[in-house]
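Some notes on the structure that comes next.
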Amino acid sequence: MKRRKFDAAALPGKVGGALDDRFKLASPARKLMTKVFPDHWSFLLGEIALFSFIVLLLTGTFLALFFEPSMVEVHYEGSYLPLRGIEMSKAYESTLNISFDIRGGLVIRQMHHWGALLFVAAILVHMGRTFFSGAFRKPRETNWVIGAILFILAFFEGLLGYSIPDDGLSGTGLRIIHGITESIPLIGSWAAHALFGGEFPGEVIITRFYILHVLLVPGIMLALIAVHVGLVFAQKHSQWPGPGRTENNVVGYRMFPNYAAKQGGFFMLVFAVIAFMGGLFQINPLWLFGPYEASVVSSGSQPDFYVMFLDGLVRLFPNWELSGFGFILPAVFWPAVIGMGVAFTVPLLYPFIERRFTKDRAHHNLLERPRDNPTRTAVGAMFASIWLITTVTGANDIIADKFNISLNAMTWGGRIGIVVIPVLTFYITKRICLGLQQHDREVLAHGIETGIMRRDPDGRFYEIHQPLTDEVDEHGHPKVLEYNGWTVPKKMNRVGALKPGLRGFFKPIEIPGDSTDQSSLDSKDTREEIEAGKK
Amino acid sequence: MSAAQHDSSANEPVDVTDGKLSRFEIVKEGLRRDGIEILHYEPAFPVPGTKVEKRIERFIAFCFVVAGLGALGFVAVFAFWPWEYEYAEFGGAGSMSKWYTPMLGLTLALGLGGLGIGILTWAKKLLPVEELVQERHDGGSNEEDRVITGAVVGNMVEETGIKRRPMLKRALLFGAAPLGLAAIAPLGTLIVPPGDDLVTTGFNPRNNDGQPVGLMLKDGTRVRPDMISVGGQITAFPAIPDGSTNKHADSPVLLIHLRDEDAKKARENAYEMYEGAQWNNYIAYSKICTHVGCPASLYEQQTNRLLCPCHQSQFLITDNAKPVFGPATRHLPQLPIDVDEDGFFYAVSDFLVPIGPAFWERG
Ligand code: FES
């Protein structure tokens, strides 16, 4: 029998042909591979979120193999001595086992937690980038809304996740969730009972939260992420203004090999950072907190950072309880339910709110620098300041303790701050934006400040400016340039006058000249003055 | 853009199958057909084999080797490093197992990071430097397409005849709406009537065959007055089965032994309903914060304030535990206590008002 020769070189072609016969792939595959993507570091922030999500799916699956979401009471008999013999739920016991008695369990658990923090942080920063650059404008409002929903889901996913180990800290969180649910008018006590399957804490809440945490919420998120990324593809990425860039084109490099390689490498890097943190930085050492007991709480029990704004809001809100006709509207309803609702829906609807004011219905594929839209930037800064104040307040007991400030003073500081600081932030940010705009226009008109002072024969001093163009107007002055929405060079080294000074930092790269040769020092043309802009 | 389009359509379409074109020319033709124009394209190293290029190649190779070693290290650590947890009061000096997790993290990070940096460097330094411009075609379909699709949709509605058949329309509505209800009805299983869950605790005599419920410690020991020194406090639970577990999460009380003058103050300030609720200098308050339910348990002896660590509500012990700072609105309910003939504390009755956070129908 004759053996058929195997031709490795022809294999890719053959496989491609076979696939194309069946799926008619040649054209769509080519278009995908040569799709042009714009390049900017700020476009990578969303990817950090995406990659951490993948890490969360991987580590979460591992944890699910060993975690038991059950509130059945058991006696702990594992290797962590201080808790031996103590009664606890199976959920807490299995979490301890993952940490101590399962090979590699601790590193995976810590990676899962760090990954979650990185995930939410990346979403927040990515939303900030999209907001401050105006990327959410038509035609991308839908994707902004999907992104905002993803943030809300991530928030609750995190909350669910750290509620289920049933340690002292997560139980306190559950208690607060219960109290907040109870505060809803009319249906509060029924809603809380439905959620917990009876009286707090009951026997089902961990099991319920678990299935939400591992199936329902991540399932929805996965679907939404697919749509989110798909829409970026279909609508093509927005880009920063710059030479040759218009509303009707995309300038950048191709998906393959350039973009794909960078993304692949970046994914590895994000994964590596999470692995490093998971291995070397302890997080949520829940064996120190003990099992949840309704009567025990320690001071300094803070939620994860992304929930702290809510905690802070609840701390700051005064004790304004409304009651009458035999009914009560608890004070905590306002900051916790209404406050959270506003914090989630206002950003969600922002593209439409902005459009109501600007009446702007045009397509926008070019981004705006934050300074070029001072009002939006100021609104964003205001939001950020509110978030910062409430988040810091969420840890005000720790701050008060560490810096020896009275706790009550911290609370009052926060209460006053949350009224005053956002207004100030709005005003100051707007002024800064306008100032930066002004400076851009000045440089375009007069050139870059060189730092070289001249003195006129009549004694006046003035600074030499380097114009950005050779063209002159009819008076012989350099032409006033049009602002094109992108960075204006403001330093001489930006236009190539000075080499960046980083090379040769550790050892000089200049070769010392021949010191006996004086000619180079005397040579006239090495000592030229800057001629440009002398007019 | 229109000029560019004009240009490309004027160009003779290139025959890519004639075999005379180089591969890159075919690529360029493909780009042209997809509306992509090359603005700038050059190899990263026009002269191959320079010193710089060699150095970058070596660096990338080094990264990949590090990655491989890291990954092998990870597997080795995972399999062979002693990992069984050893609890040691003094930090477990000499125990290798405490380095297990950090070593796993470190080796995995090396493996992934080496690969990542290697690939990134390759992409940034060795791939051709390119800048391309692709046309965008957004802003909706053309008018004709819209008209046609509109007609198709309109026709579809027409074909069902739903507009002409109002009876079917109504019948369909009647048929479909209840199905929606049927879909959410199973969720009704979740509903559990609160009953009096929120207004009773483990101290309710019905938990003890109608007899008043005693106070016990976590381990089940009954509480006697001499267990608490002056100014001290303990957490007490209803002395019933499971009284100190989370089954009775609403029940824990803080039993405080007040100093004489504080006890007097507390007695003078007592609300009408709490008259006689104190036993000598002993007073018992619900531990469940009336704000959102954390255990309010940080007792400051000097100021007689009880601080809730969750949102820093503060309650004045000598004045009915009424809130004096923070977001809480109502006082901590007091448990009326007494001492029986055997010298043990017991609750005269359940709490007189619902404990814990407020809710709508609490009134
Ligand atoms: S739960 Fe006590 S202050 Fe909020």
Pick from the range B:101-130 the residues that are β-branched (Val, Ile, Thr) and under 29 Å from A:PHE233 (Cα atoms): which of them is nearest to the other protein chains (Cβ to nearest Cβ)? B:ILE119
Which of the residues belonging to the range B:336-363 are within 14 Å of another protein chain (Cβ to nearest Cβ) and either among the aliphatic types (A, V, I, L, M) or touching a residue at least 40 places away in the same chain (Cβ under 8 Å) (or both)? B:VAL353, B:PRO354, B:ILE355, B:GLY356, B:PRO357, B:ALA358, B:PHE359, B:ARG362
Kindly evaluate B:PRO323 against the criterion of being within 10 Å of the ligand (Cβ to nearest atom) and not in a loop (DSSP other than H, G, I, E, B). yes
Please find, within the range A:223-245, the residue that is modelled with the highest pLDDT out of those that are within 10 Å of another protein chain (Cβ to nearest Cβ) and loosely packed, with under 15 Cβ neighbours inside 10 Å. A:ALA234
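Could you tell me whether A:ASP440 is modelled with pLDDT of 90 or more and of a type in the set (Asp, Glu)?
On the way: modelled with pLDDT of 90 or more: yes; of a type in the set (Asp, Glu): yes.
Yes, satisfied.
Listed here are the residues, each with its yes/no results for (1) modelled with pLDDT of 95 or more; (2) of a type outside the set (Phe, Trp, Tyr); (3) near the ligand (Cβ under 10 Å from one of its atoms); (4) open to solvent by less than 10 Å² (accessible area, probe 1.4 Å).
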site	(1), (2), (3), (4)
B:GLU268	no, yes, no, no
B:TYR271	no, no, no, no
B:GLY276	no, yes, no, no
B:ILE288	no, yes, yes, yes
B:LEU298	no, yes, no, no
B:CYS308	no, yes, yes, yes
By residue number, the members of the range B:200-253 that are in contact (Cβ under 8 Å) with a residue 60 or more places away in the chain and in a strand (DSSP E or B) are B:GLY214, B:LEU215, B:ARG222, B:GLN233, B:THR235, B:ALA236, B:PRO238, B:VAL253
Given the condition buried (at least 19 other Cβ atoms within 10 Å of the Cβ), more than 7 Å from chain A (Cβ to nearest Cβ) and closer than 30 Å to A:GLY252 by Cβ, answer yes or no: does some residue in the range B:131-149 qualify? no
One residue is enough: does the range A:299-311 have a residue meeting the conditions within 16 Å of the ligand (Cβ to nearest atom) and at positive phi? yes
The range A:274-284, subset within 7 Å of chain B (Cβ to nearest Cβ) and buried (at least 19 other Cβ atoms within 10 Å of the Cβ), residue farthest from A:GLU47 (Cα to Cα): A:GLY279
Within the range A:259-273, the count of residues that are facing chain B (nearest Cβ under 7 Å) and in contact with a strand residue (DSSP E or B) (Cβ under 7 Å, 6 or more places away or on another chain) comes to 0
Any idea which of (1) in a helix (DSSP H, G or I); (2) small (Gly, Ala, Ser); (3) touching a helix residue (DSSP H, G or I) at 6+ places or on another chain (Cβ under 9 Å) is the one B:ALA44 doesn't satisfy? (1)
Would you check if there is a residue in the range A:49-61 being of a type outside the set (A, V, I, L, M), at the interface with another protein chain (Cβ under 10 Å from one of its Cβ atoms) and open to solvent by 40 Å² or more (accessible area, probe 1.4 Å)? no
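Output the residues belonging to the range B:103-125 that are open to solvent by 20 Å² or more (accessible area, probe 1.4 Å) and modelled with pLDDT of 95 or more.
The answer is B:MET103, B:LEU106, B:LEU108, B:LEU110, B:LEU112, B:LEU115, B:ILE117, B:ILE119, B:LEU120, B:THR121, B:TRP122.
State the number of residues belonging to the range A:384-422 that are without any contact (Cβ under 8 Å) to a residue 12 or more places away in the chain and either part of a helix (DSSP H, G or I) or of a type in the set (Phe, Trp, Tyr) (or both). Let's see the steps before the verdict.
So in the range A:384-422, the residues without any contact (Cβ under 8 Å) to a residue 12 or more places away in the chain come out as A:388, A:399-400, A:402-409, A:412-413, A:416, A:419-420.
Then keep just the ones that are either part of a helix (DSSP H, G or I) or of a type in the set (Phe, Trp, Tyr) (or both); that gives A:388, A:399-400, A:402-403, A:407-409, A:412-413, A:416, A:419-420.
So the answer is 13.
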Identify the residue in the range A:203-222 that is touching a Leu at 6+ places or on another chain (Cβ under 9 Å) and over 20 Å from A:ALA49 (Cβ atoms) and, among all such residues, is nearest to the other protein chains (Cβ to nearest Cβ). A:ARG208
Hey, any hits in the range A:115-138 for a residue that's more than 26 Å from A:SER238 (Cβ to Cβ) and in contact with a helix residue (DSSP H, G or I) (Cβ under 6 Å, 6 or more places away or on another chain)? yes
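The values are calculated or read from the model by the stated rules, or taken from the named source; none is laboratory data. These figures come from a predicted structure and were not determined experimentally. Neighbour counts are summed over all protein chains in view; Cβ atoms, including those assigned to glycine, are modelled from backbone coordinates with ideal geometry. Heads up: the accessible areas ignore ligands, DNA and RNA and are worked out on the full protein's heavy atoms, side chains in. Shrake-Rupley method; radii C 1.70, N 1.55, O 1.52, S 1.80 Å.
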